[in-house]
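Following: one structure in C-alpha cells, then a few remarks.
Every number in this text was worked out from the coordinates using simple rules, so none of it is lab data. None of the values given here were measured: they were computed from a predicted structure. Note that each Cβ is placed from the backbone with ideal geometry, even for glycine, and that neighbours are counted across all protein chains shown.
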Amino acid sequence: MRVLLVEDDPMIGESLREALRRQGMAADWVRDGRAADAALAGERFDAVLLDLGLPQRSGVQVLQSLRARGDATPVIVLTARDALADKVASLDAGADDYLVKPFELDELLARLRAVGRRHAGRAQTALQVADLQLDPATREVSRGGRPVLLSAREFALLQALMERPGAILSRAQLEDRLYGWGEEVESNAVSVYVHQLRRKLGDDLLHTVRGVGYYVGPRKQA
Ligand code: CA
C-alpha cells in the first residue's frame, strides 16, 4: 500500500512515516498544501492521511481540488479534538474518514484497511486466491490452511498482487507499492521477493510474464 502523508508537524510526520514503513507500506511525506497538490497530481496513492491546518493551502482546499479533478483516492483527515466544524467540512469536501489527534497507530492502520476495502468494493477483510489466504488485519498468510511466515516486504508485495487477482503488475508498479521516496530500491528487489514467495508458497500461483510483470492466480494460457 502506498500512502501519502500530509503533515506539517515534523515530530508527527517523521514518526508516522517510520511507523507506516515498518508495516511494509510505501509512505511518502509532504509538509504543506501545495506540495500535497503536486504529489497527488503526479502520482497514484492508495490512501492519503491529511492534516487540515497546513502552510500554503489548507487540507480542506487540497481535498476539494483532489475531488474536483475526479480523483477518488481514499482520504483520512487528521483533526484536532473538539473540531466539529473541521470534521463536517472535511467530510462534506469528500473525506472518507477522520481521526482525532492524538490517535493510536493501531486505529489508524485499521481505518486505512477499512477505506481500502470500501474503495475496492470489498466487504470481506481477508484476500483469497484459490487456497491462498492473506488477512491485512491480522497480517496472517496461509496456504491450504497452513500458516506461512512472510517478511513485511514479502507480505506487501503479495498483498498488492492479491488485491487484483489475474492482473499483471509491472516491476515498477510493485516497487511503487513497496518503497517511498528516498528509500533505496535495489534493482532486482522485486524478483528476489517473488523468488522467496514462490519458495514459501509453492510455484503454482505466483507467475512471471517475462518482460511485463507478475500476477497471482491460475496460470493464463500462453
Ligand atoms: Ca498542522
Legend entry - Residue match in the range 85-93 (condition: surrounded by fewer than 19 Cβ atoms within 10 Å (Cβ to Cβ), farther than 26 Å from Asp135 by Cα and touching a residue at least 40 places away in the same chain (Cβ under 8 Å)): no
Legend entry - Hey, Gly24 farther than 21 Å from Glu163 by Cα and either within 12 Å of the ligand (Cβ to nearest atom) or in contact (Cβ under 8 Å) with a residue 24 or more places away in the chain (or both) or not: no
Legend entry - In the range 44-77, the residues that are at negative phi, away from the ligand (no atom under 16 Å from the Cβ) and either part of a helix (DSSP H, G or I) or without any contact (Cβ under 8 Å) to a residue 60 or more places away in the chain (or both): Phe45, Gln64, Ser65, Leu66, Arg67, Ala68, Arg69, Asp71, Ala72, Thr73, Pro74
Legend entry - Boolean, Arg34 is in a loop (DSSP other than H, G, I, E, B), more than 13 Å from the ligand (Cβ to nearest atom) and basic (Lys, Arg): no
Inset, instruction - Being of a type in the set (Asp, Glu) and either part of a strand (DSSP E or B) or surrounded by 14 or more Cβ atoms within 10 Å (Cβ to Cβ) (or both) is the filter here, so list the residues in the range 130-175 that pass it. - result: Asp135, Glu140, Glu154, Glu163, Glu175
Inset, instruction - Would you check if there is a residue in the range 59-70 being crowded, with 17+ Cβ neighbours inside 10 Å, in contact with a helix residue (DSSP H, G or I) (Cβ under 6 Å, 6 or more places away or on another chain), within 18 Å of Leu16 (Cβ to Cβ) and not hydrophobic (A, V, I, L, M, F, W, C)? - result: no
